Amino acid sequence: MVKEAKPLEQTQKTLELPPTISVKQLSELVKANPVDIIKQLMRNGVMASINQVIDFDTAAVIAADLGFESHLVTPPPAQKAETKKLSRPVATGDALQARPPVVTIMGHVDHGKTSLLDAIRQTNVTATEAGGITQHIGAYQVEVNGRKVTFLDTPGHEAFTAMRARGAQITDIAVVVVAADDGIMPQTIEAIDHARAAGVPIVVAINKIDKPGANADLVKKQLADHGLVIEEWGGDTVCVAVSAKKKLGISDLLENILIVADVAELKANPQQIAEGTVIEAELDKTRGSLAKVLIQNGTLYLGDTVIAGDTWGKVKAMFNDKGKRIKQAGPATPVAILGLSGVPRAGDLLIATAENQARSILEKRLAEEQLKAQVAKKSVTLDDLFAQVSQGKVKDLNIVLKTDVQGSIEPIKNSLEKLSTEQVRVRAIHSGTGSITESDVLLAMASRGIIIGFNSSPQPGAKHLAETEGVDIRVYSIIYNVIDDVQKALKGMLEPTYQEVIEGRGRVITVFPHGRKLRIAGILVSEGKLSRSSKVRVLRQGQVVADTSFDSLRRFKDNVSEVMAGLEAGILLEGYNEFQEGDVIEAYRKERSN
Ligand code: GDP
């Protein structure tokens, strides 16, 4: 297996390494302190604990940093070492085993997502578990012909994409439910687009086939219109007819999910240290932090020290989806764990680690995440598209397109996609009618895309989310301008234009001196609000006599950031002193309009 380092050959020492090696073994080979190896790994972007297994490439880079030239020792069995770049530890050869698929159910409201989740849960509990109280731990597992399938308990593409937007992709297969008596509806299309944007295979469940008005063939035709051609018609979309209410077709659906899973060759290494994603977490009144986690790789053991987001702790107790205490959980198993120091957030990564390193790894990780967040904040905007394309950072301009009427979608989409260049492919990853929703913003976030609204504006929640996450929303009412802007952006010629938004007005009721030179205007705010950060104009008989900024905004003696309508305020303006009673003070800000 692992041989000792050879003696010095000129200046470089050589090292023979197996395809995978633990950090501890590597430290012994290079005669270094394991902590130094871990630090070196961190510098190279790899978080590893002392017992963690790293691949040859990773080990070779670290060894090179310490002056060793590494050679791969070909493993005796007929297996090739995975040669991945510096990344997470990769399991190789036999260590990789097939794992259960993780499935999310999506579809239009009332098409039966919740009913289907319940029907699957009820029909496929194993005999020994029957009667056990199902606990809500964010996901559950069922057994199908001796194999397991994991279902995420929160249906809908919003939850799915929210996870993705946080950088966590935990779903392997999306089941899109379509009610046979209703057909494809707007949220069905959203679900399809969200799954596609994530590159997750889709299985269609045509539900409610027990209903008199059910028309599965019509649904199949509609699916084809949306690019999902079912197998029966020569396509590759797996489609199963079910009734969640009458529990018909459930095992057929599950078997088909397993077939799709087989094609995807889902694998994990149960022997490696555990990694997973927090599905949800809460503070339990009696038990403290309760985190519901999907283990994705490795095996989590009771007593393991784990880090999840910005919390850490020892796994004091672990429960499965039947509420049963368990001692270990392998890949694709949902578990609820007690023992974390705080409440992590949904989407946080969980990793097991050596106890004495948890704190330092956590600190490093937080620093790294901050850095990552700053980089991630750099989402794509039309303004800096050209720069990002030039630096090779962007190859696709992903667009979420929302319009007021259906008829506008195709012409805009086609014109936009035609703008694709050799460097950038312009893609409408989702289009639909209606206002811009939070789900649209999440999709744009998760896909590093932008949103174009054509006679469609963002809902308040969506606007807020887009502002905090730096997602670019552009609203237009003339098709030419949409195309022109994107074209200019692709060429790096887009000049931002601004429009003015009046925030508030007030009237000067008195003027008094402030020191020897300055004058303060005492005003009554009559509408909206005045904000310290706004631009401000002084109007006299409709004429602008000053256009400047606030020097100070006060309520009585206190400096304040804003004053609402109905209240009095004292103001000093930058570079302007010539107030007169009756002057109108108008606060405004400039908002980008393209
Ligand atoms: P969701 O909004 O997609 O989660 O839909 P629900 O699961 O809440 O179901 C919406 C309604 O459709 C409920 O009244 C269900 O009882 C009904 N429903 C769901 N599946 C079926 C089915 O297979 N057949 C019939 N007849 N009704 C169903």
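Out of the residues in segment 250-284 meeting the condition of being open to solvent by 30 Å² or more (accessible area, probe 1.4 Å) and within 16 Å of the ligand (Cβ to nearest atom), tell me which one is modelled with the lowest pLDDT. Checked segment 250-284; the qualifying residue modelled with the lowest pLDDT is SER251. Of the helices (runs of 4 or more DSSP H) contained entirely in segment 393-499, those carrying at least 2 residues that are within 24 Å of ALA198 (Cβ to Cβ) and open to solvent by 30 Å² or more (accessible area, probe 1.4 Å) fall at 406-418, 438-446, 460-469.
Scanning segment 145-165 for residues that are within 13 Å of the ligand (Cβ to nearest atom) and either over 20 Å from ARG121 (Cα atoms) or part of a helix (DSSP H, G or I) (or both) yields HIS157, GLU158, ALA159. Considering only segment 523-540, I want to know if a residue exists there that is of a type outside the set (Lys, Arg), crowded, with 17+ Cβ neighbours inside 10 Å and either at pLDDT below 90 or outside any strand (DSSP E or B) (or both). Checked against the condition, which is being of a type outside the set (Lys, Arg), crowded, with 17+ Cβ neighbours inside 10 Å and either at pLDDT below 90 or outside any strand (DSSP E or B) (or both), segment 523-540 yields at least one hit.
Taken over segment 199-210, the criterion of being within 13 Å of the ligand (Cβ to nearest atom) and open to solvent by 10 Å² or more (accessible area, probe 1.4 Å) is satisfied by LYS208, ILE209, ASP210. Checking each residue of segment 188-198 against the condition of being within 16 Å of the ligand (Cβ to nearest atom), out of contact with any Asp or Glu (no Cβ under 9 Å at 6 or more places or on another chain) and charged (D, E, K, R) gives no match. Scanning segment 542-556 for residues that are assigned to a strand (DSSP E or B) and either not aromatic (Phe, Trp, Tyr) or not assigned by TED's automatic domain parsing to the domain that holds LEU573 (or both) gives GLN543, VAL544, VAL545, ALA546, ASP547, THR548, SER549, ASP551, SER552, LEU553, ARG554, ARG555. Of the numbered criteria (1) under 29 Å from THR403 (Cβ atoms); (2) among the acidic types (Asp, Glu); (3) modelled with pLDDT under 95, the one ASP153 fails is (1). Residues that are touching a Pro at 6+ places or on another chain (Cβ under 7 Å) and within 15 Å of LEU15 (Cβ to Cβ) within segment 36-57 comprise ILE54, ASP55, PHE56, listed in sequence order. Considering (1) in a loop (DSSP other than H, G, I, E, B); (2) modelled with pLDDT under 90, the lone condition that ASP321 does not fulfil carries the number (2). In segment 227-241, is there at least one residue being within 13 Å of the ligand (Cβ to nearest atom) and open to solvent by 30 Å² or more (accessible area, probe 1.4 Å)? Taking every residue of segment 227-241 in turn, at least one turns out to be within 13 Å of the ligand (Cβ to nearest atom) and open to solvent by 30 Å² or more (accessible area, probe 1.4 Å).
Does ASP181 satisfy being modelled with pLDDT of 90 or more, among the charged types (D, E, K, R) and either closer than 30 Å to VAL405 by Cβ or open to solvent by less than 10 Å² (accessible area, probe 1.4 Å) (or both)? Criteria met by ASP181. Please verify whether PHE579 is touching a strand residue (DSSP E or B) at 6+ places or on another chain (Cβ under 6 Å), aromatic (Phe, Trp, Tyr) and farther than 30 Å from PRO458 by Cα, treating the condition exactly as stated. Here the answer is yes, as PHE579 does meet what is asked.
The values are calculated or read from the model by the stated rules, or taken from the named source; none is laboratory data. Since the structure is predicted, the reported quantities are computational estimates derived from the model, not experimental observations. All Cβ positions, glycine included, derive from the backbone under ideal geometry; neighbour counts span all protein chains shown. Areas reflect the complete protein model, heavy atoms only, side chains present, ligands, DNA and RNA absent. Shrake-Rupley method; radii C 1.70, N 1.55, O 1.52, S 1.80 Å.
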